[in-house]
Amino acid sequence: MKALLKNYHQSPRKVRLVANLIRGKSVPQARALLSFQPQKSSPALLKLLESAVANARSSGNSPENLFVKTIAVNKGMVLKRFKPMARGRAAQFHRTMSIVTLELGATQTAVKKVAKKVAAKKVAKKV
């Protein structure tokens with residue numbers, strides 16, 4: 001139940017502001033927060049959250065029982081660019097990218113329900 005966003009073209013400091021809002025929140029609550037945030041990184045993080053939910057759904061979990069367990073924003077690649085300055089000089093500036101890792105966790109009641117479903121499938125296969 002993980003999802004990874006690599007080389008997102010925005011600095012990690014700006015992305016962390018949005019990521020901190022959804023850390024520890026349930027999936028429906030995180031969706032609502034991200035859909036109404038004005039920051040540039042909100043749609044990208046919403047898409048990442050949907051990817052993690054799809055990964056969880058394929059393993060048999062319901063999105064209502066999931067929450068954002070961890071979200072980490074790290075520094076990615078750095079593009080080095082030059083800007084013309086006075087007297088024919090050039091100044092270097094950096095365009096930093098971000099790597100965002102999102103992991104979802106299931107509540108305790110959801111874990112028990114999934115375990116029962118898996119046990120029932122194993123019993124059905126044996127019979």
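The values are calculated or read from the model by the stated rules, or taken from the named source; none is laboratory data. This is a predicted model, so every value here is computed, not measured. For neighbour counting, all protein chains shown are included, and Cβ atoms are generated from backbone atoms with ideal geometry for every residue, glycine included.
Some observations on this one:
- Whichever residue in segment 41-68 is among the charged types (D, E, K, R) and modelled with pLDDT of 95 or more and, among such residues, is surrounded by the most Cβ atoms within 10 Å (Cβ to Cβ): Glu50
- The one condition in (1) outside any helix (DSSP H, G or I); (2) among the charged types (D, E, K, R); (3) at pLDDT below 95 that Lys6 fails to fulfil: (3)
- The set of residues in segment 22-36 being closer than 25 Å to Ala106 by Cβ and surrounded by fewer than 18 Cβ atoms within 10 Å (Cβ to Cβ) consists of Arg23, Gly24, Lys25, Ser26, Pro28, Gln29, Arg31, Ala32, Leu33, Ser35.
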